[in-house]
Amino acid sequence: MKGRSILIFDMDGVLVDVRASYLASIAVTAQHFTGKLPAPEIIEEYKEAGGWNNDWALTHKIIREAGCADVSYEDVVAAFQSFFLGPKNDGLITREKWIPANGLLDRLAQNHQLAIFTGRPREEAKLTLRRFAPTVVWDPIIAEEDVLNPKPAPDGLRAIASRQSGAQLTYVGDNVDDARSARSAGVPFIGVAGLQQTSLTRLLREEGAKAVIADVNEIGEVV
């Protein structure tokens, strides 16, 4: 597939609106241990600063900073997953919303190979992809378990590049960790600013984004 264009998508905030799922799970897990719901701005500030792509680690930090230093990381992960997945995958994950408009990915697939590099565990990624985009071919899907070092390390993008010799890669993400991963891998980056267009657009451009769009549905204008 020499010379093939590969569009690599992050999932959360790019393909999937996770405000009522992952971000809500951070908040309710923190409340579970501290008795207080953290302000959304706190979570947003950490995400914008970078280095907090792992929602379990971020939740643990918020809990410890609230004065609950004796809560273990393992207990945080267990509680988070109970809220997010629920007993039968019927938890907050069911509140996710798919962002791409009908037909967008099919049109992109006519000229690009579609791939995913996400910080999600593989099974959580597959649950959402099967629910919203069961017919879309993603080749490959690089998830949390597939990399030694998570974003902002470039491991996932380098893994895709090593499998696709000569391909032209572009990474589409929504935070500074995505942008830094792309820069370290030498892969062009398109930022998705979402609702935080003023502040996040500036941050993503500072991190080397070749373009910043408000929504993944605008991607056809920049690729």
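The values are calculated or read from the model by the stated rules, or taken from the named source; none is laboratory data. Every value quoted in this text rests on a predicted model; they were computed, and no experiment measured them. Cβ: placed from backbone, ideal geometry, glycine included. Neighbour counts: every protein chain shown. Heads up: the accessible areas ignore ligands, DNA and RNA and are worked out on the full protein's heavy atoms, side chains in. Shrake-Rupley method; radii C 1.70, N 1.55, O 1.52, S 1.80 Å.
Residue under question is SER199, and the condition is that it be farther than 22 Å from VAL147 by Cα and surrounded by fewer than 20 Cβ atoms within 10 Å (Cβ to Cβ); does it hold?
Working: farther than 22 Å from VAL147 by Cα: yes; surrounded by fewer than 20 Cβ atoms within 10 Å (Cβ to Cβ): yes.
Criteria met by SER199.
Which ones in segment 178-204 are at pLDDT 95 or above and either under 21 Å from TYR46 (Cβ atoms) or under 16 Å from the mean Cα position of the chain (by Cα) (or both)?
First, pick out the residues of segment 178-204 that are at pLDDT 95 or above: 178-192.
Within segment 178-204, ASP178, ALA179, ARG180, SER181, ALA182, ARG183, SER184, PHE189, ILE190, GLY191, VAL192 meet the criteria.
For segment 187-205, enumerate the residues that are in a loop (DSSP other than H, G, I, E, B) and free of Cβ contacts under 8 Å to residues at least 60 places away in the same chain.
As a first pass, look at segment 187-205 and keep what is in a loop (DSSP other than H, G, I, E, B): 187-188, 193-196.
Across segment 187-205, the qualifying residues are PRO188, ALA193, LEU195.
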Please enumerate the residues belonging to segment 13-39 that are open to solvent by less than 10 Å² (accessible area, probe 1.4 Å) and within 15 Å of LEU200 (Cβ to Cβ).
VAL14
I'd like to know if segment 40-63 contains one or more residues that are hydrophobic (A, V, I, L, M, F, W, C), surrounded by fewer than 16 Cβ atoms within 10 Å (Cβ to Cβ) and not in a helix (DSSP H, G or I).
no
